[in-house]
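The values are calculated or read from the model by the stated rules, or taken from the named source; none is laboratory data. Here the structure is a predicted model, which is why all the values come from computation and not from measurement. We place every Cβ from the backbone using ideal geometry, glycine too, and count neighbours over all the protein chains shown.
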Amino acid sequence: MWLSWLLIVAGLLALLVGAELLVRGSAWIAEALGVRKLVVGLTVVAIGTSAPELVVSMIAACQGEVGIVLGNVYGSNIANIALILGVVAALRAIRCDESKLRFETVWLLLASALAFVPFALGSYVRPFGVVLVGLICAFLALLVKRERAGRPPRPIDHTPRPMRAWMVHIGLVLAGLAALVQGGSWLVDGAVEVAKAAGVSSTVIAATIVAIGTSLPELATSVVAARRGHPELAVGNVVGSNIFNVLMVLGVTSSVTPVPVSWAADGMRTTVAMVATVLLAWLLLGPRRIARPVGVTFLIGYAVYLLAEVEGWTLG
């Protein structure tokens with residue numbers, strides 16, 4: 001049993017290190033090729049923070065552990081809102097500029113609503129996965145277009161980079177990818193063994209331990225931002241991550257292999273994720289503020305959700 005927990009811990013650490021290496025190496029290469037920092041932040045960094053969820057979901061799907069896929073994605077989305085924003089808001093109230101997040105919030109609501117379509121189809125079928133991938137590409141294109149239109153152009157640094165620097169950063173990308181793949185494999189294997197030993201489904205382990213683990217990059221980034229007096233950055237981090245989790249992670253995974261879904265097994269966490277998303281959207285577009293009492297309420301709600309997962313509460 002302890003070996004399984006060791007695999008989980010090692011897998012989480014490898015995922016964190018791999019995502020960091022991938023982002024650092026990719027961002028440097030993109031800028032060296034003349035891509036603006038703004039575009040790098042909206043694409044490379046955003047994808048990098050969702051890389052742990054993507055790798056874990058792909059490995060789980062290929063190993064036939066499809067329950068881990070949905071548990072990981074929707075468990076992470078719930079953790080991002082209730083746990084991460086709960087912690088940040090409890091530390092410091094979050095004030096939001098509605099005009100800056102309206103576009104992202106609409107896409108977040110769309111992505112969350114699309115999660116209910118597979119229940120009618122019986123699974124995340126490949127054509128639906130392709131649609132999700134197309135939507136994330138459209139989201140990125142529109143986002144980059146909006147940001148470019150809203151900011152004056154800046155000169156691009158075309159200074160040649162030394163070959164040694166290229167080799168170092170290409171090495172970072174390759175090492176990051178290797179760490180992500182190996183970490184994802186360890187995490188999935190450990191989660192499956194722990195679930196068997198504890199007599200619970202691998203989906204529950206994925207929605208709790210794995211989901212919290214793959215959300216650690218977002219949690220660390222958000223807490224640091226709050227402590228430095230910029231708690232509003234946590235909101236953009238969470239909103240972007242949740243959009244990527246649904247459209248990119250589930251889109252890419254189900255494009256490779258269909259992911260079965262049932263209301264009895266997945267209805268509860270999908271509904272909780274939607275309710276949390278609607279509540280967050282209302283706070284962003286209405287009061288434009290997440291006060292400390294709201295943050296504490298989020299944390300209490302997340303504790304109740306974890307209890308529901310462990311106890312096996314369902315909506316069907």
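Just a few scattered comments:
- Of the numbered criteria (1) at pLDDT 90 or above; (2) over 15 Å from ALA113 (Cβ atoms); (3) in contact with an Asp or Glu (Cβ under 8 Å, 6 or more places away or on another chain), the one LEU285 fails is (1).
- Number of residues in region 20-57 that are buried (at least 20 other Cβ atoms within 10 Å of the Cβ) and either outside any helix (DSSP H, G or I) or modelled with pLDDT of 75 or more (or both): the value is 15.
- Test for ALA225: is it within 18 Å of ALA51 (Cβ to Cβ), aliphatic (A, V, I, L, M) and either within 12 Å of the chain's Cα centre (by Cα) or surrounded by 19 or more Cβ atoms within 10 Å (Cβ to Cβ) (or both): no
- Total residues in region 180-199, condition assigned to a helix (DSSP H, G or I), surrounded by fewer than 18 Cβ atoms within 10 Å (Cβ to Cβ) and either in contact with a strand residue (DSSP E or B) (Cβ under 7 Å, 6 or more places away or on another chain) or at pLDDT below 85 (or both): 3
- Neighbours by Cβ (under 6 Å, 6+ apart or cross-chain): first from region 226-237, small (Gly, Ala, Ser); second buried (at least 17 other Cβ atoms within 10 Å of the Cβ): ALA226/VAL88; ALA226/ARG92; ALA234/VAL88; ALA234/SER222; ALA234/ALA225
- Counting the residues of region 245-295 that are surrounded by fewer than 16 Cβ atoms within 10 Å (Cβ to Cβ) and farther than 23 Å from VAL210 by Cα gives 10.
- Residue in region 160-174 that is assigned to a helix (DSSP H, G or I), surrounded by fewer than 20 Cβ atoms within 10 Å (Cβ to Cβ), small (Gly, Ala, Ser) and touching a Gly at 6+ places or on another chain (Cβ under 8 Å) present: yes
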